[in-house]
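Enquirer: For reference, the structure I am asking about is given below.
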Amino acid sequence: MYDIIIIGGGPAGLSAAVYAARACLDTLLLEKQPMGGGQILNTAEVDNYLGFFDTNGFELGQKFTEHAQHLGVKPLMEEVVRIDCIGAVKKVVTEKQEYETKNIIYAAGAGHRKLGVPGEEEFAGKGVSYCATCDGAFFRGKTVAVIGGGDVALEDALFLANVCRKVFLIHRRDTFRGAKTLVERVNAVENIETVVDTVAKEISGEDTVKGLVCMDVKTGGQKSLAVDGVFIAVGMVPHTQLLEGQVKLDQNGYVIAGEDCKASVDGVFAVGDVRTKKVRQIVTAVSDGAVAVAGI
């Protein structure tokens, strides 16, 4: 019987683990990936986390993990397949065994949203990517498209511009949703061409991606871009399937939880990217982890 089981080893989960260790709570941290750190491991540049103005996501994620391990937290690399969070004693079942706990801190994060257009699945890993920092090097000197209008899409375009000959940045609205500083940087890069009021309709190719069919949302006109790769950055989908039918979720699948991170069931806390909130950044994820432990 644990005091807390933390599901997910990203910034929110690791922060919760640090605070739980300092509070001398009997804690288990479960992470399905072979390395903790979560999504930030794939972030090329981090310049908005206080005190770390010149780092990348991999290094920052490693520091978070090392901090938790320094305090005695030893993550178990096991994937959770079922949760029973109703009642005083909650059960967390992994591929290997079943654990019991008084409290669950759910920090499972989110995954990449798909476009749902023809060719996306067919060319996944063959020119279609959801991670510019992971796969950008394969497109050195080539032409690629980035689809999206938020911070991630803008950051991906900037990263790819360093290695690619040409980057098309495609967004369905007439203005970008990302930070103004990122928009200014994108506009200042010569080999980035912004294509607004435009949506992707089809990804084409043979063995690998060769083109992208786009449609102007105002005129309905279509055109084809010759590209060697398509990087999709159109948002995230929360990994909350394990909580469906047990705690209240909003229409997009996020756990309904306020700034105290408490879900609709006693003893369940949602932290990081899985809960309803306006700002999903490293700093807010780390804050959630601390707040959740303080509420136990």
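No lab work stands behind these numbers, since they all come straight from the coordinates. Values in this document were obtained by computation on a predicted structure and should not be read as measured data. FYI the Cβ positions are ideal-geometry reconstructions off the backbone, even for glycines, and counts take in every protein chain you see.
Enquirer: Assuming a ≥ b ≥ c are the square roots of the Cα gyration tensor eigenvalues, decide whether region 114-232 counts as rounded (a/c under 1.5), prolate (otherwise, with a/b larger than b/c) or oblate. Spell out each step's value before the answer.
Expert: Details: a/c = 1.67, a/b = 1.11, b/c = 1.50.
Oblate, since a/c reaches 1.5 and b/c is not below a/b.
Enquirer: Another question, if that's okay. Between ASN162 and CYS24, what FRET efficiency follows from the Cβ-Cβ distance if R0 is 41 Å, with the result rounded to 0.05? Present the calculation step by step, with values, prior to reporting the outcome.
Expert: Details: r = 47 Å, r/R0 = 1.14.
Efficiency, from the Cβ-Cβ distance: 0.30.
Enquirer: Which GluC sites (Glu not before Pro) from region 22-111 combine a DSSP loop assignment with at most 14 other Cβ atoms within 10 Å?
Expert: GLU45, GLU79, GLU95
Enquirer: Excluding ASN42 itself, calculate the net charge of residues whose Cβ lies under 12 Å from the Cβ of ASN42, where each Lys or Arg counts +1 and each Asp or Glu counts -1. Can you show the working numbers first?
Expert: Values: positive: none; negative: GLU45, ASP135, GLU155, ASP156.
Charge balance in the 12 Å sphere: -4.
Enquirer: Residue by residue, what Karplus-based ³J(HN,Hα) values in Hz, rounded to whole numbers, does region 253-260 have, using 6.51, -1.76 and 1.60 with θ = phi - 60° and x for Gly and Pro?
Expert: Per residue, the Karplus-derived 3J(HN,Hα) values read x, 7, 5, 6, 8, x, 5, 7 Hz.
Enquirer: Let me ask something additional. Can you list residues from other chains, or at least 5 along the same chain, whose modelled amide H is less than 5 Å from the amide H of LEU249?
Expert: Correct list: ILE256.
Enquirer: Out of region 143-191, which GluC sites (Glu not before Pro) are coil in DSSP terms and have no more than 15 other C-beta atoms within 10 Å? Each step should come with its number before you reach the end.
Expert: Values: sites: GLU155, GLU184, GLU190; in loops: GLU190.
Those that pass, being in a loop and sparsely packed, are GLU190.
Enquirer: Under a Cβ-Cβ cut-off of 12 Å, what is the net charge of the residues other than SER129 that fall near it, where Lys and Arg count +1 and Asp and Glu count -1? Please list the in-between numbers first.
Expert: Working: positive: LYS126; negative: GLU120, ASP135, ASP156, ASP228.
So the surrounding residues net to -3.
Enquirer: Against the longest principal axis of the chain, how steep is helix 11-22, in degrees 0 to 90 to the nearest 10, with axes from Cα atoms?
Expert: The angle comes out near 20 degrees.
Enquirer: Under a plain spin-label model, where a point goes 7 Å from the Cα along Cα-to-Cβ, how far apart in nm are GLU122 and GLU202?
Expert: Distance between label points: 0.8 nm.
Enquirer: From the backbone phi of region 149-163, what are the Karplus-calculated ³J(HN,Hα) couplings (6.51 cos²θ - 1.76 cosθ + 1.60, θ = phi - 60°) in whole Hz, Gly and Pro given as x?
Expert: x, x, 4, 4, 4, 5, 5, 4, 4, 5, 5, 5, 4, 6, 10
Enquirer: Tell me, how many Å apart are the Cα centres for region 157-227 and for region 1-80?
Expert: Distance between centres, Cα-based: 34 Å.
Enquirer: With θ set to phi - 60°, apply the Karplus curve 6.51 cos²θ - 1.76 cosθ + 1.60 along region 181-197 and write out the HN-Hα couplings as whole Hz, x wherever there is a Gly or Pro.
Expert: In residue order, the calculated couplings are 5, 5, 4, 4, 5, 4, 5, 8, 8, 5, 8, 9, 10, 7, 10, 9, 6 Hz.
Enquirer: Counting other Cβ atoms within 10 Å, which chymotrypsin sites (Phe, Trp or Tyr not before Pro) in region 33-121 have at most 15 and lie in a DSSP loop?
Expert: Numbers: sites: TYR49, PHE52, PHE53, PHE58, PHE64, TYR99, TYR106; in loops: PHE53.
Here the chymotrypsin sites (Phe, Trp or Tyr not before Pro) that fit, given the DSSP loop and packing criteria, are PHE53.
Enquirer: Quick check on the chain: helices-only [θ] at 222 nm, where DSSP H runs of length 4 and up contribute -39,500 (n - 2.57) each and the sum goes over total residues. Nearest 500, please.
Expert: Details: 6 runs with 62 residues, N = 296.
Helices in the chain give a 222 nm mean residue ellipticity of -6000 deg cm²/dmol.
Enquirer: Got a sec? How would CYS85, CYS164 order by Cβ neighbour count within 10 Å, fewest to most? All intermediate terms of the calculation are to be shown ahead of the outcome.
Expert: Details: CYS85 20, CYS164 25.
Exposure proxy ranking, most exposed first: CYS85, CYS164.
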